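The block underneath contains the structure these notes are about, expressed in structure tokens.
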Amino acid sequence: MGKVFLVGAGPGDPDLITVKGLKSIQMADVILYDRLVNPELLQFAKHKAELIYCGKLPHHHAMKQELINQTLVKHAKKGKVVTRLKGGDPFVFGRGGEEAEELAKNQIPFEIVPGITAGIAAPSYAGIPVTHRDYGSSFAFVTGHMKNGTEDHIKWEALCHIDTLAIYMGVKNLPSIQSKLLSYGKNRATPVALINWGTTEKQKTIVTDLEHVLLDAENGGMENPCMIVIGEVVRMREKIQWFESNFTETNSKEVVS
């Protein structure tokens, strides 16, 4: 019997992989990797390691989740070391729980290797701390891309009372997100940041507010992968933005301060 490592590859910057995550890549006989995994990380794989792409785009999956689960089990039963390389953290909207459940059901030995999730890293690279004593002492991770028919399961009324919301993959559903938050009393002037391709050289950040976010997102050409940060902590960006300003030509667009 082999073993499976469910590894968080981090948010995009390859330097943000953990030491244990890197070791899991180096020892693997088989690596199943997602679309948002930085391909630079694959250069650390063994020369004869089998690389299997299983990335997902909206309405197009290179491998369906059921097949990914089966592939993990199949290779582990052959006695191989299998690394499942997932963007961000495997247990933060990464379906890692589903894969671990399948491995446990088939009595496959496995380890979870946490990774740095985009909900913290992308705001950090945009100069936005998700918590700050002056602006926010609570934050929540929220999915903006639900399974069909389950959107209403998000407790938007409760989320309105959280200081900072980090919403993953929510650009497509941004009209619904805005509508829900406003309907439950979220202030229209609440600052919002949209961070496209966070922690990479393609990072682009738009700062706006909840009232104008739809228009500004459209005008700014925002698309997934995009982290949406909602809360007063967004105001800190004006003081401490650092990553995009390191480039000769910044690709950041400020809509409002």
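The values are calculated or read from the model by the stated rules, or taken from the named source; none is laboratory data. Nothing here was measured: the structure is a model prediction, and the numbers come from that model. Positions of Cβ are generated from backbone atoms using ideal geometry, with glycine treated the same way; all protein chains shown enter the neighbour counts.
So that you can scan it fast, the table gives a plain yes or no per residue for (1) hydrophobic (A, V, I, L, M, F, W, C); (2) more than 30 Å from Glu232 (Cα to Cα); (3) touching a helix residue (DSSP H, G or I) at 6+ places or on another chain (Cβ under 6 Å):
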site	(1), (2), (3)
Leu85	yes, yes, no
Val92	yes, no, no
Ala104	yes, yes, no
Gly119	no, no, no
Gly127	no, no, yes
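Can you confirm whether Ile120 is part of a helix (DSSP H, G or I) and aliphatic (A, V, I, L, M)?
When the stated conditions are applied, Ile120 passes them.
Quick one: in segment 58-85, of everything that is surrounded by fewer than 21 Cβ atoms within 10 Å (Cβ to Cβ) and touching a strand residue (DSSP E or B) at 6+ places or on another chain (Cβ under 6 Å), which residue is nearest to Phe141 (Cα to Cα)?
The residue in question is Ala62.
Okay, residues lined up against (1) more than 27 Å from Ser124 (Cβ to Cβ); (2) without any contact (Cβ under 8 Å) to a residue 12 or more places away in the chain; (3) not basic (Lys, Arg):
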site	(1), (2), (3)
Gly2	yes, no, yes
Lys46	yes, no, no
Leu51	yes, no, yes
Gly55	no, no, yes
Gln65	yes, no, yes
Lys77	yes, no, no
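For Ile120, only one of the following conditions fails: (1) surrounded by 18 or more Cβ atoms within 10 Å (Cβ to Cβ); (2) in contact with a Cys (Cβ under 6 Å, 6 or more places away or on another chain). What is its number?
(2)
Counting only residues that are surrounded by fewer than 16 Cβ atoms within 10 Å (Cβ to Cβ) and more than 16 Å from the chain's Cα centre (by Cα), which one in segment 166-181 is farthest from Met222 (Cα to Cα)?
Out of the qualifying residues, it is Ser179.
Does segment 194-206 hold any residues that are closer than 12 Å to Glu244 by Cβ and not in a loop (DSSP other than H, G, I, E, B), and which are they?
Ile195, Asn196, Lys204, Thr205, Ile206
Give the residue, chosen from Gly55, Gly88, Gly94, that is crowded, with 22+ Cβ neighbours inside 10 Å, under 28 Å from Val142 (Cβ atoms), modelled with pLDDT under 95 and not acidic (Asp, Glu).
Checking each option against the conditions leaves just Gly94.
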